[in-house]
Amino acid sequence: MNISILDWAIIISFFVISMLIGVFASKTAGKNAKEFFLSGRNMPWWLLGVSMVATTFSADTPNLVTDIVRKNGVSGNWVWWAFLLTGMLTVFVYAKLWRRSEVTTDLEFYELRYGGKGAAFLRAFRALYLGVFFNVVIMATVSLAAIKIFGVMLGLSSWETLLIVSVVTVFYSSLGGLKGVLLTDFFQFFIAMAGAFGAAIYIVSLPEIGSLDALLTHPNVSDKLNIIPDFSDWNLLIPLFIMPLAIQWWATWYPGAEPGGGGYIAQRMLSAKDEKNAIGATLLFNVTHYAIRPWPWIIIALASLIIFPQLSDMQAAFPNIEESKLGDDLAYSAMLTFLPKGLIGIVLASLIAAVMSTLSTHLNWGSSYVVNDFYSRFVKPDASDKELVAVGRISTVGLMVLAALLATVLSNALEAFNILLQIGAGTGLIFILRWFWWRINAYTEISAMIVSFIVAIYFESIHNKLGFYPIPDDMAYLKLLLGVSITTITWVAVTLLTKPEDDEVLLAFYKKVRPASHGWKKLLAKYPDVKEEFGQLPMEIGLMLIASIMVYAALFGVGFWIYGETLPAIIASVIAVAGGVLVFRGWKKMR
C-alpha cells in the first residue's frame, strides 16, 4: 500500500501517546504490587467497562468474525454471541461477589473458597497453566492477526510486525501496570471504533460494491444475511445455534467469557471502587461488545465476498503472503487495502490499538498470576513490593516473547478459538456453582481441569491416529458435546465421592462473600448462629434474562435497520428500549 506522510504521522502519534500514558502511569504503578495489578482498587465503572471492551476489540476478533461470516454467514456468529448469557450472569450475580472477595487475582479465590494442599495446588498450577500456557495461546492469536494485517497492508514480515508491536506494548504495560493499561485502553478504544466504522462506511461505497443495497442483494452475499440460522438445515442449526445457546455458554470456559467471571474480567471487577462500579463496568462491556460493535466487521466481511470470493483471489492479490497464513480471516485485512489516504492512517492506528490493548491486558493479567499466585505465594513469600513489581515487569517481557514465537506457527484465529473451547469444555458449570453449592471442593476443579484437557488432546491429536471413524467437520460439535459430558460426569462423581472442605473454610468464605444461601443450607443448619444471607438471586437471574433479551434485540435491531427491514427493526428497537428501562429499574433495587 501507498502510505502517505499523513498516515504515518497519525500512526507515529498513536505510538507516542500510548508510550507517554505508560510513563505517566508509572509514577504510581511502581509503589506496590496491588497498585501495579489492581490500580489501588479505586477505578470507576466507565473506565473499567471501556477497558474490557477495548481488550476484546482485538485485531483477531474482526478476523475471526470475517472467517465465520465467509464460511457460515452472519448467523455463524452465534458461536460467540451466545456468550452474552455468560456475561449477563456475571453482571447481575457474580460481579458483586467478586468485589466482596477482595482478592488480588481470581486465582487467589482458590485459597479463600477451598483449603489445604488441594487449594494450594490449584492456585499454583493454574497460575502457570492460565497465566502462561493459556495466556500465551491467546496472545499468539492476537499476534497472528497483527502479522496478517500488517503483512497485507504494510508488507511487513512476521518478525518485523511482532518486533514493532511487542516493543511498544511491553514498554507501557511494564511501566504503567494496570492503570497504564486502563488509560491506554480508553484512548485506544475510541480510535479502534472510529477506524472500524469509518472503514465499513467507505468500503460499502467502493465502485466494486456500489452501495449498501447493492451489497445486500449481490448473489455472493444474499444467502449469508440471516441473523438466525435456517431451522430446516440441521447441519448448521445444531453447531451454530442450538449448541452455543443450550450448552456452550454455561459449560465451557473461554477467556473473556468465563462462566461466573474470571481472568481479566475479574481483574477489572476487583479493581472497581465498589460493588456498584463492578456491576456497571461489566454491564457496559456486555452491551457494547455484543450490541454495538459487531456490525462494521460483518459488513466488511460481506463485502469481501464480492471482491475476494475465493481464497485464490486473495492469493493472487497478495502473492507475498505465506501460504500457511492464507485463510478466510485474511479477507478483513485485504479489504482495508482499498481505503484512501488519511483514513488508512486512522484504520491502521485503530488496528494497532486493537492489538496493543488486548496484548497489554493479557500481559498485565498473566504477570499478575505469575507474581501474586506463584512467585509471591510459593517461591518467595517475603518478597518486597519493589521485588514483586520487578518480577511482574520481567514476566511481562517473557510472556510476550513466548507469544511471539507461538504466533509464527499458528494458521488462523478460528482454529485457536475452537481449540480453546474444547480445552475448557465441561468446566464452566463448576465456576457457576462453586459460589452457591458448599459441596464443591478443590478436587472437583482438579478433576475437571485434568479430564477436560485430556479429552481435548484426544480429539485434536489422537482420535484419528488410532484409526477410529473420523468426526466430520460439519459434526465437530460432537467433540464439544462429548467433552462437556465426560468432564461433567467426572467432576460430579469426584465431588460426591470426596470429602467436602472443612467447615471453618466454608464458613469463612460464606461470611466474607455472602452468597445467597440456597446451596448452603445443609452446612448452615449446623451453625444456627451464622446469619443466613437470603440475597436476591431470583431477581438477579431475572435481570440477567431481561438484559440478554435487551442486548439481542439491540443487536437484531441494528441489523434490521442496516438490511432496510423497517418493521422488524422498529419491533426490535422497542424491545431493546423496554428492556433497558426494566434493567435500569432493577439495577437500582440491587443491594
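Among the residues examined, LEU481 qualifies as of a type outside the set (D, E, K, R), at pLDDT below 90 and buried (at least 16 other Cβ atoms within 10 Å of the Cβ).
In the range 150-163, of all residues being assigned to a helix (DSSP H, G or I) and at pLDDT 75 or above, the one that is farthest from GLY327 (Cα to Cα) corresponds to LEU163.
Elements of the type helices (runs of 4 or more DSSP H) sitting completely within the range 1-62 and holding at least 1 residues that are surrounded by fewer than 18 Cβ atoms within 10 Å (Cβ to Cβ) and at pLDDT 75 or above: these cover 5-29, 45-56.
Can you confirm whether ILE562 is of a type in the set (A, V, I, L, M, F, W, C), closer than 26 Å to LYS96 by Cβ, in contact (Cβ under 8 Å) with a residue 60 or more places away in the chain and not in a loop (DSSP other than H, G, I, E, B)? The answer is no for ILE562. Would you please name the residue that is nearest to GLY260 (Cα to Cα), looking only at residues in the range 518-532 that are modelled with pLDDT under 90 and touching a Leu at 6+ places or on another chain (Cβ under 8 Å)? Applying the filter and picking the extreme gives HIS518. When you check SER166 against the structure, is it more than 24 Å from the chain's Cα centre (by Cα), at pLDDT 75 or above and polar (S, T, N, Q), yes or no? No; evaluated as a whole, the condition is false for this residue. Here PHE584 fulfils each of the conditions (1) within 30 Å of the chain's Cα centre (by Cα); (2) surrounded by 15 or more Cβ atoms within 10 Å (Cβ to Cβ) apart from (2). Considering the range 427-530, the qualifying helices (runs of 4 or more DSSP H), each wholly inside and each with 1 or more residues that are more than 24 Å from SER101 (Cβ to Cβ) and not assigned by TED's automatic domain parsing to the domain that holds SER101, run over 442-457, 477-497. Reported count of residues in the range 68-121, each being within 30 Å of LEU305 (Cα to Cα) and either in a helix (DSSP H, G or I) or modelled with pLDDT under 90 (or both), is 15. The single residue among ALA214, ALA194 that is of a type outside the set (S, T, N, Q), touching a helix residue (DSSP H, G or I) at 6+ places or on another chain (Cβ under 8 Å) and either modelled with pLDDT of 80 or more or not assigned by TED's automatic domain parsing to the domain that holds ILE299 (or both) turns out to be ALA194.
Within the range 582-589, one or more residues are free of Cβ contacts under 8 Å to residues at least 24 places away in the same chain, more than 19 Å from TYR290 (Cβ to Cβ) and not assigned by TED's automatic domain parsing to the domain that holds LEU215.
Scanning the range 185-211 for residues that are assigned to a helix (DSSP H, G or I) and either aromatic (Phe, Trp, Tyr) or more than 30 Å from the chain's Cα centre (by Cα) (or both) returns PHE186, PHE187, PHE189, PHE190, PHE197, TYR202.
Number of residues in the range 509-530 that are touching a residue at least 60 places away in the same chain (Cβ under 8 Å) and small (Gly, Ala, Ser) equals 2. Residue pairs whose Cβ atoms lie under 6 Å apart, separated by 6 or more positions or on different chains, with the first residue in the range 385-411 and under 12 Å from VAL137 (Cα atoms) and assigned to a helix (DSSP H, G or I) and the second at pLDDT below 80 and hydroxyl-bearing (Ser, Thr, Tyr), are MET400/SER166; ALA404/SER166.
The values are calculated or read from the model by the stated rules, or taken from the named source; none is laboratory data. As the structure is a prediction and not an experimental result, all values here were calculated from the model. Here the Cβ is made from the backbone with ideal geometry for all residues, glycine too, and neighbour counts use every protein chain on show.
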